[in-house]
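Trainee: If you scroll down you'll find the structure; I have some questions about it.
Only the coordinates and a few stated rules stand behind these numbers; no lab work does. The model shown is predicted, which means the values in this text are computed figures rather than measured ones. Cβ coordinates were reconstructed from backbone atoms using ideal geometry, including for glycine residues, and neighbour counts include every protein chain displayed.
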Amino acid sequence: MEKNTKNTHNTHKPTKKETFLKSLKNKLCNISEACDAANIHRRTYYSWIEKDEEFKEQVEATKEGLIDHVEHQLLQKIDSGDTTAIIFFLKTRAKERGYVEKQEITLSRPIEDIDFEDI
């Protein structure tokens, strides 16, 4: 007698939260687009964030992953000599070395003489 050899693999149907998390990654952490892709309302997302600490941590990990990805892309641009990327990096990560834009204001009269109510 032959045994029944049907495919008995567990087929896991993703939960709404799992679907959302996958969509969040695919949509580059755009909440609105991820909600649309997962077919949930934005309020549902915020409710999950508020009530489910594990879900909240998974969302934060996804956001951190996106930052890592973007940083990697920026560093590749820097390595290729992209001047704009180099300047951006220096202005945001090397301020202590003087790579920061400052605005200078030259007063036409002493500050005590300026009536700020008129401005």
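Trainee: Could you order the peptides 70-76, 39-45 from most to least packed, using the average number of other C-beta atoms within 10 Å per residue?
Mentor: The most tightly packed comes first, giving 39-45, 70-76.
Trainee: Also: Mind pulling the angle between the C-alpha long axis of helix 53-79 and the longest principal axis of the chain? Nearest 10 degrees, somewhere in 0 to 90.
Mentor: Approximately 60 degrees, to the nearest 10.
Trainee: Follow-up. Among 82-93, 106-117, how do they line up from the highest to the lowest mean number of other beta-carbon atoms within 10 Å?
Mentor: Highest mean packing first, the order is 82-93, 106-117.
Trainee: Hey, another quick one. Apply the Karplus curve 6.51 cos²θ - 1.76 cosθ + 1.60, θ = phi - 60°, to the phi angles in the range 93-109 and return the couplings in whole Hz, x for Gly and Pro.
Mentor: Whole-Hz 3J(HN,Hα) from phi for the range 93-109: 10, 10, 4, 5, 9, x, 8, 8, 7, 10, 9, 9, 10, 9, 8, 7, 8.
Trainee: OK, next. Could you state the angle between the C-alpha long axis of helix 16-26 and the longest principal axis of the C-alpha atoms of the chain, as a value from 0 to 90 degrees rounded to the nearest 10?
Mentor: 50
Trainee: Under 24 Å between C-alpha atoms is the cut-off here; go through the range 16-98 and count lysine pairs that meet it, provided they're at least eight residues apart or on different chains.
Mentor: The number of close lysine pairs in the range 16-98 is 26.
Trainee: Right, something else. Most exposed first by the Cβ proxy, i.e. fewest other Cβ within 10 Å, how do Lys102, Lys56 rank?
Mentor: Lys102, Lys56
Trainee: Now for a different question. If I take every Cα pair under 8 Å that is 6 or more residues apart in the chain, average their sequence separation and divide by the length, what percent do I get for the relative contact order?
Mentor: 14
Trainee: Of Lys22, Lys77, Lys95, which has the largest mean-square fluctuation in a 10 Å C-alpha GNM of the chain?
Mentor: Between Lys22, Lys77, Lys95, it is Lys95 that shows the largest mean-square fluctuation.
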